[in-house]
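Please treat every number below as a calculation from the coordinates, not as lab data. Predicted, not measured: the structure shown is a model, and the values here were computed from it. Note that each Cβ is placed from the backbone with ideal geometry, even for glycine, and that neighbours are counted across all protein chains shown.
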C-alpha cells in the first residue's frame, strides 16, 4: 500500500462513527521475521486483553499476522477500513513515523512506544521530533530510553516493566551441552567469529554453534536452554532482551551491551553476570571468546558464579504482574469505558 493511499485511508477511517467503548490499538509493521519488538507489541495487547481492556493489534494488509511468538491478540487491518474514534488510544511504534504524521489530526490519545534509542530506527525528517507530530505521550521498556527522550525531546516517557516468561526461559541443567548460540538478524560478527574459531580446530570444534534465526519462540528458547554460551553482538539495543532471555536459561553471556543492556549487565565485581566487551570491538570479542571457550573446555563450571548471577538478574523480570500493572497505570486514566 503506497503512502498516498495509506494517507487517504487514514483520513476516511478517522471520520467514521464513534464506537461504544474505548479501545487500545497497537499499530504493528507487517514484518514476518521474528523480532523482539513485534513480540513486545503482541504481548502488550495480549496482557491488556487478559486484564479486560479492549485492545487490538493493527496491521496494514489483511490477513497478515504473526504467530511465531505464541501470543494471541485480536487483530484489525487497515485494508479492511476499521473505524477509529476519538475515544480510542492509538499506540504507534517509533519505527512508524508515517503513522504519527498521518494521524496528526486525530483528536484522541496517541502514544509512541519506543523500543530503540537509535535515531536510525526513528527515521524522522531533519529538524523534526515526535512532538512535531503532536505526540506528547511515550511508553518504553528501557530506563536508558526514558532518560534519553527526556534529554533529546523533552518528553516524560512512562516505563513499562520488561517481562521474560518462565514458561520458556528457564535453567535446565540436564539440557545443557557444549553449545554456543548467537543472533544474525541485525549483525553478523558472531557468525564471522564462529568461522574463525572453528577453523582453529580443537577445542572449538567440541562446541556446537547455533545461529538463532527464523525460529519459532519455542525453538528459540529450547536452543538457549541447551546452550552454555550466548554471544551478543547487537550494538543498538533499547533493552537487549535477548540477553535477559539467555541469562534466564543459564547461559554465559559474552559480548556487547548494545548500550541499553548496560542497565542490568554487570561486567565485574561480586555481581558480575556477563563477560562484557566494548561495543563493536570485534577483535576484542574474538580474543575474549577464545579465552572463554578454552576455559570451558577444560572446566565446564569455570564461570558458574557469573551464570548464577545472570539467573538472579533475570528473575527480576519474571513476574507478569509487574508488566501488567505498569500497563494498567498508563492506560486506565486514558480510557472512557472498559478496563
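Below is a table of values for the structure above.
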item: Between 0 and 90°, nearest 10: helix 217-226 axis offset from the chain longest Cα axis; result: 20
item: R0 of 30 Å, Cβ-Cβ distance residue 61-residue 120: FRET efficiency to nearest 0.05; result: 0.75
item: Acute angle (nearest 10 degrees) that the helix 304-315 long axis makes with the longest principal axis of the chain, alpha-carbon atoms; result: 10
item: Of every Cα-Cα pair in the range 173-315, the percent that sits beyond 17 Å; result: 55
item: Of 238, 201, 83, the one that fluctuates the most in a GNM where the chain has Cα springs shorter than 10 Å; result: 201
item: Fluctuation leader among 123, 309, 318 - the chain, Gaussian network, Cα springs under 10 angstrom; result: 123
item: Ascending count of other beta-carbon atoms within 10 Å, so fewest first, for 232, 184; result: 184, 232
item: Value at 222 nm in deg cm²/dmol, rounded to 500, when DSSP H runs of n ≥ 4 in the chain each add -39,500 (n - 2.57); result: -10500 deg cm²/dmol
item: Top of 203, 97, 143 by mean-square fluctuation, Gaussian network on the chain, Cα under 10 Å; result: 203
item: Quotient of Cα Rg and 2.2 N^0.38 Å for the range 236-339, N being how many residues it contains; result: 1.36
item: For the range 177-225, convex hull of alpha carbons as volume per residue, Å³; result: 60
item: Angle between the chain longest axis and helix 189-199 axis [Cα atoms, degrees, rounded to 10]; result: 20
item: Which of 204, 27 has the fewest Cβ neighbours within 10 Å, and the rest in rising order; result: 204, 27
item: Largest-first principal axis extents of the Cα set of the chain (Å); result: 69, 40, 37
